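Participant: I'd like to ask you about the structure that follows.
The values are calculated or read from the model by the stated rules, or taken from the named source; none is laboratory data. What you see is a predicted model; the values in this text were computed from it and never measured. Backbone-built Cβ (ideal geometry, glycine too); neighbour counts: all protein chains shown. When the accessible area is computed, the model is the full protein with side chains, heavy atoms only, and any ligands, DNA or RNA have been set aside. Shrake-Rupley method; radii C 1.70, N 1.55, O 1.52, S 1.80 Å.
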2 protein chains.
Amino acid sequence: MVNEQQVLEALEQVLDPELRRSVVELGMIHDITIDENAVSLTLALTTMACPLRGSIMADVEQALFGLDGVDDVQVTLREMTAEEKRRSLGARPQQAESGAAAQLNRIGQVIAVMSGKGGVGKSSVAALLAVALQQRSMRVGVLDADITGPSIPKMFGLSGTPPAGPVGILPAETRSGIRVMSINLLLPSEDDAVIWRGPLIAGAIQQFWGDVLWGDLDVLVVDLPPGTSDASLTVMQSIPLNGIVLITSPQGLAGMVVRKAGQMARQMQVPLLGIVENMSYTICPRCGEQIEVFGQSKATDTARALGVPLLGRLPLDPELARRCDAGEIESYIPEHFGAIVEAILERIPAKATVPLFGR
Amino acid sequence: MVNEQQVLEALEQVLDPELRRSVVELGMIHDITIDENAVSLTLALTTMACPLRGSIMADVEQALFGLDGVDDVQVTLREMTAEEKRRSLGARPQQAESGAAAQLNRIGQVIAVMSGKGGVGKSSVAALLAVALQQRSMRVGVLDADITGPSIPKMFGLSGTPPAGPVGILPAETRSGIRVMSINLLLPSEDDAVIWRGPLIAGAIQQFWGDVLWGDLDVLVVDLPPGTSDASLTVMQSIPLNGIVLITSPQGLAGMVVRKAGQMARQMQVPLLGIVENMSYTICPRCGEQIEVFGQSKATDTARALGVPLLGRLPLDPELARRCDAGEIESYIPEHFGAIVEAILERIPAKATVPLFGR
């Protein structure tokens with residue numbers, strides 16, 4: 001009969017393919033019980049959405065079956081607690097901190113799209129920006145940093161798990177060739193809730209930057225979630241941003257929350273490229289009346305309060321909602337959007353802001 | 001000349017008025033330096049928005065001036081790191097865990113308004129629900145759990161810091177007498193960003209529940225932020241909820257994110273009272289056409305997918321945006337809202353869900 005020491009020694013040989021450290025060292029092995037010639041244990045993953053979980057599990061089983069006197073192996077999967085995750089990430093070697101993939105990627109410029117407030121069309125503007133840049137023959141990626149409310153894959157009609165290799169996860173590709181990474185591509189069902197506290201959210205975003213094989217990109221567009229808490233902080237601290245585009249709506253309330261987002265960017269010393277007012281008005285399909293459904297525009301005031309240019313205003317168009325829901329945002333070209341894209345491109349500083357505090 | 005030991009002994013006598021423990025024990029005292037008869041130190045607060053910071057500072061200075069040989073005292077304020085905060089809260093005595101105020105409050109029922117997705121009008125529906133209940137002669141409070149994007153005070157035209165006593169913070173009161181607590185009432189300016197990671201967000205929400213003198217309320221409405229991360233988790237784990245009302249918009253994308261929120265409520269075993277579809281359509285002021293600005297309603301499908309009733313649909317009315325921005329939401333009565341309120345009241349279970357994991 002084997003003992004626990006022998007089990008651990010065998011598992012020392014099993015490496016996490018991404019982190020290239022043993023599953024024992026990473027604190028992934030728990031609850032070892034040995035009953036005659038049967039070994040059972042719990043394997044704690046940094047995320048249940050880990051695309052490599054099957055291969056890690058198979059390696060663990062293979063290592064244990066290799067021991068003399070073992071003929072039954074039971075592996076239970078669970079997700080690490082936030083505390084375990086922190087310890088596990090702390091165990092990562094210094095030089096692999098940004099992930100192996102990050103060292104192979106060549107990303108020209110990184111633009112974050114942020115609003116502070118939800119529902120102002122931040123994700124659709126981020127997606128439209130990516131489409132417009134792609135149409136200008138740039139190589140474009142979209143990093144969906146909204147972990148609890150990811151909407152980028154659905155807009156592009158993407159689903160299914162992207163393939164993962166030993167070096168990193170491959171982004172999904174849209175019809176027109178935009179590379180996309182989002183938590184929703186890694187979930188068993190798009191309706192699944194990601195009920196995570198901050199450290200796990202931050203870990204996922206850092207993986208999307210460091211462990212995804214983006215390859216050569218001219219521009220990476222980062223879609224930020226609402227709020228100025230963990231996700232936004234993590235993006236600003238661990239991804240070198242060239243600038244931020246703020247999205248607002250005509251509501252005064254939205255303006256207030258967007259000013260908070262702008263203030264955060266200032267404090268984190270990331271350049272604000274300007275403001276886009278979305279959902280400014282809608283056109284009555286019967287009589288052509290321009291209706292200001294969210295009240296009169298306050299974008300000029302908001303832009304002035306933040307000391308940044310108003311890059312443009314976009315209408316609320318039911319057709320955009322329809323295309324997004326159908327996964328066909330690439331076939332939608334909004335009026336006046338070209339001028340907004342030009343204004344953004346003109347204002348991107350060549351040099352990215354070095355994160356203030358590191359990871 | 002005094003020494004550090006004497007300084008610490010003097011400060012042992014200074015109690016945090018809320019936590020009723022010494023500032024030394026709570027780990028609030030740092031960087032003591034003594035130069036001849038001058039003492040300087042840093043006082044770390046759990047939040048810079050602490051309404052009692054002036055009084056704690058005065059107590060610290062008084063204690064130090066009471067020492068022989070001290071005639072100059074310099075106190076610098078800073079905010080605790082997340083780690084310090086956790087340690088400090090860990091130092092709280094068990095029996096005061098829910099705050100002194102919580103023991104004086106008598107709150108009948110707690111209804112959370114949630115959407116998962118931002119910008120679907122969750123806060124305005126939460127506010128309208130509070131107004132409607134108040135008009136039914138109930139005593140009503142609103143706890144704004146959206147710490148990074150708080151919009152409740154502006155809708156009610158509230159500003160200024162609410163008074164705090166030794167037992168707890170008093171909520172602000174609206175024109176019609178609704179009691180309100182929101183981080184925006186505690187910030188120096190409504191535009192100030194709250195750049196906090198999860199543990200501080202959770203701490204603020206727990207204080208709004210445990211350290212606010214709500215008094216006697218028939219219903220407390222909790223306005224949740226977008227997402228299924230720290231804020232929502234903290235509300236579901238530390239506040240006994242009677243039920244959750246989900247808000248969606250006609251977009252398929254919104255429906256997807258709202259289903260994630262519904263799934264979270266299920267997993268946390270909080271009853272879902274039903275769904276309200278907001279921004280269903282707008283009416284053209286010129287020709288009266290009903291325009292589905294966010295596309296065709298999918299609320300029936302979303303309700304069916306979650307197995308909960310559709311409580312009603314609300315139009316997108318520019319007048320509501322105007323009243324919200326003017327702080328006059330109490331003077332706005334939406335059509336058909338009465339039926340929604342009745343449906344919610346009918347479905348509230350008498351017994352609150354006991355939090356799953358405690359604080």
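Participant: Among B:162-171, B:342-351, what's the highest-first ranking by average C-beta atoms within 10 angstrom per residue?
Facilitator: Result, highest mean Cβ count within 10 Å first: B:162-171, B:342-351.
Participant: Report ³J(HN,Hα) in whole Hz for each residue of segment B:136-147, in order, from the Karplus equation J = 6.51 cos²θ - 1.76 cosθ + 1.60 where θ = phi - 60°; Gly and Pro get x.
Facilitator: With coefficients 6.51, -1.76 and 1.60, one gets 8, 6, 8, 8, 10, x, 10, 9, 8, 8, 8, 7 Hz.
Participant: Continuing with the same structure: Return the carbon/sulfur percentage of the accessible area of the protein assembly as shown, one whole number, probe 1.4 Å, all protein chains in place.
Facilitator: Details: 13350 of 27440 Å².
Carbon and sulfur: 49 percent of the exposed surface of the protein assembly as shown.
Participant: Compute the long axis of helix A:122-135 from its Cα atoms, compare it with the longest principal axis of the Cα atoms of chain A, and write down the angle in degrees, 0 to 90, nearest 10.
Facilitator: 90 degrees
Participant: Along Cα-to-Cβ, 7 Å out, sits the label point; list in nm, shortest first, how far the one on B:Ala58 is from those in the other copies.
Facilitator: Sorted ascending, the copy-to-copy spacings read 7.0 nm.
Participant: Could you state how much accessible area A:Ser297 has, in square angstrom rounded to the nearest 10, with a 1.4 Å probe and all protein chains kept in place?
Facilitator: For A:Ser297, the solvent-accessible surface is approximately 40 Å².
Participant: A drop of at least 50 square angstrom in accessible area, chain alone versus all protein chains together, probe 1.4 Å. Which residues of segment B:172-220 meet that?
Facilitator: B:Asp191, B:Ala193, B:Ile195, B:Arg197
Participant: Restricting to bridges with both residues inside chain A, how much of the DSSP beta-bridge set is antiparallel, in percent to the nearest 5? List each step's numbers first, then the result.
Facilitator: Working: 12 of 48 bridges.
Antiparallel: roughly 25 percent of the beta bridges in chain A.
Participant: Return the long-range amide H neighbours of B:Leu273 (sequence gap of 5 or more, or a different chain), with a cut-off of under 5 Å between placed amide H atoms.
Facilitator: Result for B:Leu273 returns B:Ile244, B:Val245, B:Leu246.
Participant: Do any residues of segment A:138-152 show a loss of at least 20 square angstrom of accessible area between the isolated chain and the full protein assembly, using a 1.4 Å probe, and if so which?
Facilitator: The answer is A:Thr148, A:Gly149, A:Pro150, A:Ser151.
Participant: Using a 1.4 angstrom probe on protein heavy atoms only, which residues from segment A:274-288 are buried by at least 40 Å² of accessible area when all chains are present rather than their own chain alone?
Facilitator: A:Arg286, A:Cys287
Participant: Of the DSSP beta bridges with both residues in segment A:1-78, give the percent that are antiparallel, rounding to the nearest 5.
Facilitator: Around 45 percent antiparallel, to the nearest 5.
Participant: Using the Karplus curve 6.51 cos²θ - 1.76 cosθ + 1.60 with θ = phi - 60°, what ³J(HN,Hα) values do you get for each residue of segment B:168-173, in whole Hz, with x for Gly and Pro?
Facilitator: With the stated coefficients, segment B:168-173 comes to x, 8, 7, x, 6, 10 Hz.
Participant: How would B:His30, B:His336 line up by accessible area, probe 1.4 Å, largest first?
Facilitator: Result of the area sort, largest leading: B:His336, B:His30.
Participant: Suppose only helical runs count, i.e. DSSP H with n ≥ 4. What mean residue ellipticity at 222 nm does that imply for chain A under -39500 (n - 2.57) per run, divided by all residues and rounded to the nearest 500 deg cm²/dmol?
Facilitator: Result for chain A, helices only: -9500 deg cm²/dmol.
Participant: Then there's this: Return the equivalent ellipsoid semi-axes of the protein assembly as shown as a descending list in whole Å, where each equals the square root of 5 times an eigenvalue of the C-alpha gyration tensor.
Facilitator: Values: eigenvalues 288, 275, 150 Å².
Over the Cα atoms of the protein assembly as shown, the semi-axes work out to 38, 37, 27 Å.
Participant: Please give the helix A:337-347 orientation as an angle from the longest Cα principal axis of chain A, in degrees from 0 to 90, rounded to the nearest 10.
Facilitator: Result, in degrees: 70.
Participant: For the B and A pair, go ahead and give the buried accessible area with a 1.4 Å probe, both sides summed, in Å² to 100. Walk me through the numbers on the way to the answer.
Facilitator: Working: alone 16210 and 16190 Å², together 27440 Å².
Looking at B and A, the buried total is near 5000 Å².
Participant: Shifting gears a bit: Quick check for you: with a 1.4 Å probe and neighbouring chains kept, what is the accessible area per residue of chain B, in Å²? Can you show the working numbers first?
Facilitator: Values: 13730 Å² over 359 residues.
Each residue of chain B exposes 38 Å² on average to a 1.4 Å probe.
Participant: Given label points at 7 Å from Cα along Cα→Cβ, what nm distances, shortest first, separate A:Gly338 from the same residue in every other copy?
Facilitator: Spelled out, the distances from A:Gly338's label point are 5.4 nm.
Participant: Which whole-number percentage describes the relative contact order of segment B:243-359, with Cα contacts under 8 Å and a sequence gap of 6 or more?
Facilitator: Over segment B:243-359, the number comes to 28 percent.
Participant: Ignoring ligands, DNA and RNA, how do B:Ser331, B:Ser229 rank by accessible area with a 1.4 Å probe, largest first?
Facilitator: So the residues, ranked largest to smallest area, are B:Ser331, B:Ser229.
Participant: Rounded to whole Hz and in sequence order, give me ³J(HN,Hα) for segment B:57-73 from the Karplus expression 6.51 cos²θ - 1.76 cosθ + 1.60, θ = phi - 60°, writing x for Gly and Pro.
Facilitator: 4, 4, 5, 5, 4, 4, 4, 6, 5, x, 7, 4, x, 10, 10, 8, 10
Participant: If amide H atoms are built 1.01 Å from N in the plane of the peptide, which residues on other chains or at least 5 residues away come under 5 Å of the amide H of B:Asp218?
Facilitator: When sequence neighbours closer than 5 places are left aside, the close amide H contacts are B:Gly108, B:Arg139, B:Val140.
Participant: While we're looking at this one, here's another question. B:Thr42 accessible area, nearest 10 Å², 1.4 Å probe?
Facilitator: Solvent-accessible area, nearest 10 Å²: 20 Å².
Participant: Average partner chain C-beta neighbours within 10 Å, per residue of A:292-303?
Facilitator: 3
Participant: Could you tally up the Lys pairs in chain A with alpha carbons closer than 24 Å? Skip any pair fewer than 8 positions apart unless they're on separate chains.
Facilitator: Value for chain A: 7.
Participant: If you count only protein heavy atoms and use a 1.4 Å probe, how large is the accessible surface of A:Met138, to the nearest 10 Å²?
Facilitator: A:Met138 exposes around 60 Å² with every protein chain in place.
Participant: DSSP beta bridges in the protein assembly as shown, what fraction antiparallel, as a percent rounded to 5?
Facilitator: So the antiparallel bridges amount to about 25 percent of the total.
Participant: Would you grab the residues whose amide H sits under 5 Å from the one on B:Gln74? Only those 5+ places off in sequence or on another chain, please, with H modelled 1.01 Å from N.
Facilitator: Hits under the 5 Å cutoff: B:Val39, B:Ser40, B:Leu41.
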